[in-house]
Structures are given as structure tokens and as C-alpha cells.
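The values are calculated or read from the model by the stated rules, or taken from the named source; none is laboratory data. Because the structure is predicted, anything quoted here is derived from the model rather than measured. Don't worry about glycine lacking a Cβ; one is built from the backbone with ideal geometry, like all the others, and counts go over all protein chains shown. For the accessible areas, the whole protein counts, side chains as well, though only heavy atoms, and no ligand, DNA or RNA atoms are used. Shrake-Rupley method; radii C 1.70, N 1.55, O 1.52, S 1.80 Å.
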Amino acid sequence: MSFKEKQIWLQGKKVAVCETDEIRFKEIKIFLQRYGIEVTWMKNAQEMLADLESRRYSTHRVFFAVFVAAELAKELAEPWSNIVQVNPSILKAPLILTATPEQKFAIQDVIEQGYFTDCLTHPISPNHMLRVLRRLNHWNAMRGDTTPAARLKK
């Protein structure tokens, strides 16, 4: 069984990539699409905020994970906190920060709020991305998501 065949559980998952840099977005998108993951691009704070507002009272989870660029995380820290207080079920979708080492240092206060499940440092290595995705699969199973794609293989 090839490595790609072992990652079949990713097939059909939806992921949001909140990234202002189109080149970085395309790199992430191309990588994720290799595993059959559907990718939605939110390229600025307004698009992210509109998506968050549309889910303010929803309990339906849309994204398997949300990758957030550091500059957008900083910009939306306050609105995110307000929406999460109203609807904590939004936290069911794990947030993964994508940042350079300098950006991580600059937004340490946002990171310390504890919303991010993991952090990927630019340039993002394929191995680190796959490790994060595997951990997310385990995290979803531990949180009680019992869909076939979220169950841990024995």
C-alpha cells in the first residue's frame, strides 16, 4: 500500500485556507488537493469575518480544519473571541496557524489565547503538514466525531 493510499481518510474533507499571499495559498491548495481535500480560500479579513458571521449561531461544522495566516489571526482576534463566546461550537473546527518565525513572535499574545491546535512555519514542509493532518484525525476522534473518516485505524 502506497503512502498516498494510507491517507485515503482525507478524501472529501473540506479545509479553509485563510491566507493573504496567493502564492502561499496555491502551494497549500496544490498539496492538499493531492489527497482529495477540498480547499476554500479566504483571502482577507472581510471574507473571514463574513464566514464567521454566517456561522455565528450554527452548530453545523463545515471545515475539517482552518489554516489561518498570522496577519489575519492578529486582525481577527477580537471578533473571533466575541463569536466564540456566543457560539463555542465553532471551536470544533481546529485552527492551524501559518506563520514565519518572526510573525509567531509578533502575535504571541494571540497564540497564548489557546485557539490554535497547531502551528506550521513557512516554508511549510510536506512532512510537517501531513503530521498535522494525522494529529487532526486523532483529535477529531477524541472529540467524539465518529464519522468513518475520523475514526482511528486500529
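What to note about this one:
- Set LYS13/LYS74; LYS14/LYS92; LYS13/LYS104; LYS14/LYS104 screened for pairs whose C-alpha atoms are more than 22 Å apart: LYS13/LYS74; LYS13/LYS104; LYS14/LYS104
- Largest to smallest in accessible area, the residues SER54, SER81 fall in the order SER54, SER81 (1.4 Å probe, all protein chains included).
- Database remark: amide H of THR98 closer than 5 angstrom to the amide H of VAL68, ALA69, ALA70, LEU120 (H placed geometrically; neighbours at sequence offset of 5 or more, or on other chains; Pro and chain starts carry no H).
- Estimated distance in nm for a label pair at ILE30 and LYS92, the labels positioned 7 Å out from Cα along Cα-to-Cβ: 3.5 nm
- Only Lys, Arg, Asp and Glu carry charge here, each on its Cβ (+1 for the first two, -1 for the last two); on that basis segment 6-137 has a dipole of about 800 debye about its Cα centre.
- A DSSP coil position with no more than 11 other Cβ atoms inside 10 Å describes the following chymotrypsin sites (Phe, Trp or Tyr not before Pro) in segment 50-103: TYR57.
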